[in-house]
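The values are calculated or read from the model by the stated rules, or taken from the named source; none is laboratory data. Predicted model only: the values in this text are computed from it and were never measured. Don't worry about glycine lacking a Cβ; one is built from the backbone with ideal geometry, like all the others, and counts go over all protein chains shown.
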Amino acid sequence: MPKVSKKLRVARGVQHRLSQWQHDLIRQGVTRKAQEPDMAIKSVNPRYTSQHCSKCGLRGMRNRHQFECPHYGHQNHADKNAAINIRNRYIVLRSASTGSSAKRDRTTGSLRQ
C-alpha cells in the first residue's frame, strides 16, 4: 500500500482526503479477507473512542498517547483505550441486533442483562 508523504505541503482538505483514502484501502482489504472464511463484518463508529474511559464511559483527558480518567484515575495508552471502547461498542451493537436486552453499565463498563 503506498504511503502518503508527510513532507508535502498541501491544503488541509487534500491531506484529509488522502488520509481517508488510506483508511478506505485498509477497510476494503480487511473486508475482503474476512469474507473468505465467511466471517460477519460490522461497522462501529470510532468517534471519540480515545477520549472516553473504557472502564467508566465518562470523558477523560488525553495527552498525546496517554489517556487518564479524572473521575476514577484509570490510565492507559490512548490507542488501547480506543480499541477497548470499539470492542465494547461492537458488543452492544451485536447484542442489539440479536434482540438481547444487554446494556452497558456506565459506572463499571460491563454489560448487564
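Pairing each residue of segment 55-75 that is more than 18 Å from Arg89 (Cα to Cα) with any residue that is acidic (Asp, Glu) and modelled with pLDDT of 90 or more, provided the two are 6+ apart or on different chains, yields C-beta distances under 9 Å for Met61/Glu68; Arg62/Glu68; His65/Asp79; Phe67/Asp79; His74/Glu68; Gln75/Glu68. The set of residues in segment 53-71 that are among the polar types (S, T, N, Q) and within 14 Å of Asn85 (Cα to Cα) contains only Ser54.
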